[in-house]
1. May I ask you to order 173-181, 186-194, 218-226 by the average number of other C-beta atoms within 10 Å around their residues, highest value first?
2. What number comes out for the charge environment of Arg172, summing +1 per Lys or Arg and -1 per Asp or Glu over other residues with Cβ under 13 Å away?
3. Sketch the reach of a paramagnetic label on Arg359 as a point 7 Å from Cα along Cα-to-Cβ, and name the residues of region 387-401 whose backbone nitrogen lies under 20 Å away.
4. Roughly how tilted is helix 86-97, in degrees to the nearest 10 and between 0 and 90, from the longest Cα axis of the chain?
5. With no solvent and one point per C-alpha, what does the Debye sum give as log10 I(q)/I(0) for region 135-260 at q = 0.11, 0.23 Å⁻¹?
6. Can you give me the relative contact order of the chain as a percent, contacts being Cα pairs under 8 Å and 6 or more apart?
7. Taking 7 Å along the Cα-to-C-beta vector as the label spot, tell me the Ala193-Glu173 distance in nanometres, rounded to one decimal.
8. For n ≥ 4 DSSP H runs only, could you compute -39500 (n - 2.57) per run for the chain, divide by its residues and tell me the 222 nm figure to the nearest 500?
Amino acid sequence: MTRPLCVGLAGLGTVGAGVLTMLRTNADIVTARAGRPVAVTAVSARDRARDRGVSLSGLRWYDDPVALAHDPEIDVIVEVMGGSEGPALALVRAALAAGKPVVTANKALLAVHGAELAAEAEASGAALAFEGAVAGGIPVIKALREGLAGNRISRVTGILNGTCNYILTDMREHGREFADVLTEAQRLGYAEADPSFDVDGIDAAHKLAILAALAFGRPVAFDAVHVEGIRGVSALDIAFAADLGYRIKLLGIAKQSEAGIDARVHPCMVPAAAPIGLVDGVFNAVVAEGDFVGRVMLQGRGAGAGPTASAVVADLVDVARGRTIPVWGAASGALSSAPSVPIEAHVGAYYLRLMVVDRPGVIADVTAALRDAGVSLESMLQRGRSPGEAVPVVLVTHETSEAAMRAALARIEGLDAVLERPAVIRIEGG
Ligand SMILES: NC(=O)c1ccc[n+]([C@@H]2O[C@H](COP(=O)([O-])OP(=O)(O)OC[C@H]3O[C@@H](n4cnc5c(N)ncnc54)[C@H](OP(=O)(O)O)[C@@H]3O)[C@@H](O)[C@H]2O)c1
């Protein structure tokens, strides 16, 4: 029988255990597709005694994951420990330096060190594969880098964080506030004990940085992604969005124009009927727009043991077959040097919700601030009347620049009839 592809697996958590299970359960088809068996032969994790729900018998154990890179019996490293620094970075560097292919699901590592690691992979000729790093089980890396390789991509839009999409969906369906839903999501295991990577948009920004690099063929640039999370989204704004025919989603958007590349993660209002507006719960979706293909949308499970193992195993099949593609789709010398466009240059429509004292002249002051900044209004909504009390007023603008909007907001926030910080949500076409 052909010698198996021997895998050194670093990390035996959700994803690592999922990879072991999938390779065992689907050994027959994986062998057929890889052209040889693919078998984990050595592993590393922190706690040797922990029951992981999968048998580790017969596998070599390393306390130090970096030692996997130096084991001559191991053909390929799977890094599923996580973290952009520390042992994950040390292991991937060591493996690539030794000319060993690496498969990882670690978006933080790729977003922060992807340029350096791609150069290392190119120098050593070893593959660096990361299908599991973005949108879990959805094969979006392959789709963008290989399936759409003949297209100029103008825009990639994604729901890239299942925890945020779950929270926003629950808030909409049950009229609940962010904090309540987050607490429940933590209890049910849909959100981490420290939820900040998810709810502050950082995880989605890591993934968007990777997608933008692939879509536009330029070195990954995490620092250039503008990031806002969902902590400021209220049940009231979700209800107003519905009245206006929109849903609020945390989107990652990367766009290429003549000015350069604009990459941002923030809550957006999208038309309720737009395909991406209908992606609910823990599901992820990615929409890519290419000059010849038009619009392509991929949707599926963006996390979890099974979906992420599905992506990692697909990468292992590529490694077994010897299919190596440059990390960002083109050799480093052929990558674009397009500049990044700052968020201040963004042009789009805005939703603005104010809490104002219900008294004559207030709306005139607000609209004067918008007019003086050059922002024109598409519509205004005020529900009910309550003289002397606080009432919400919703304004929707025509397309305007972020800089103009910020100038108008600075003045509006200074009005004594405006009682809280205005809620501002960018509107996207979907
Ligand atoms: N979970 C998902 O749905 C998902 C989806 C897509 C991508 N990812 C990515 O996949 C990676 C793994 O995620 P996960 O959810 O599987 O994480 P996890 O459940 O927390 O598992 C992490 C594993 O790494 C091991 N580990 C941590 N530090 C180590 C060290 N210094 N030396 C040796 N082993 C170490 C841990 O060992 P112990 O078990 O002994 O503590 C654990 O087995 C992350 O990069 C994550 O972003 C996850």
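Just so you know, all these numbers are worked out from the coordinates, no wet-lab data involved. Since the model is a prediction, treat every value here as computed from it, not as a measurement. Cβ atoms come from the backbone with ideal geometry, glycine included; neighbour counts cover every protein chain shown.
1. Highest-to-lowest ranking by the protection proxy: 218-226, 173-181, 186-194.
2. Working: positive: Arg176, Arg247, Lys249; negative: Asp170, Glu173, Glu177, Asp237, Asp243, Asp280.
Neighbour charge sum, excluding Arg172 itself: -3.
3. Residues 387-394 qualify, since their backbone N sits under 20 Å from the label point.
4. Taking the Cα atoms of the chain, the angle to 86-97 is about 50 degrees.
5. -0.44, -1.27
6. 17 percent
7. 2.8 nm
8. -10000 deg cm²/dmol
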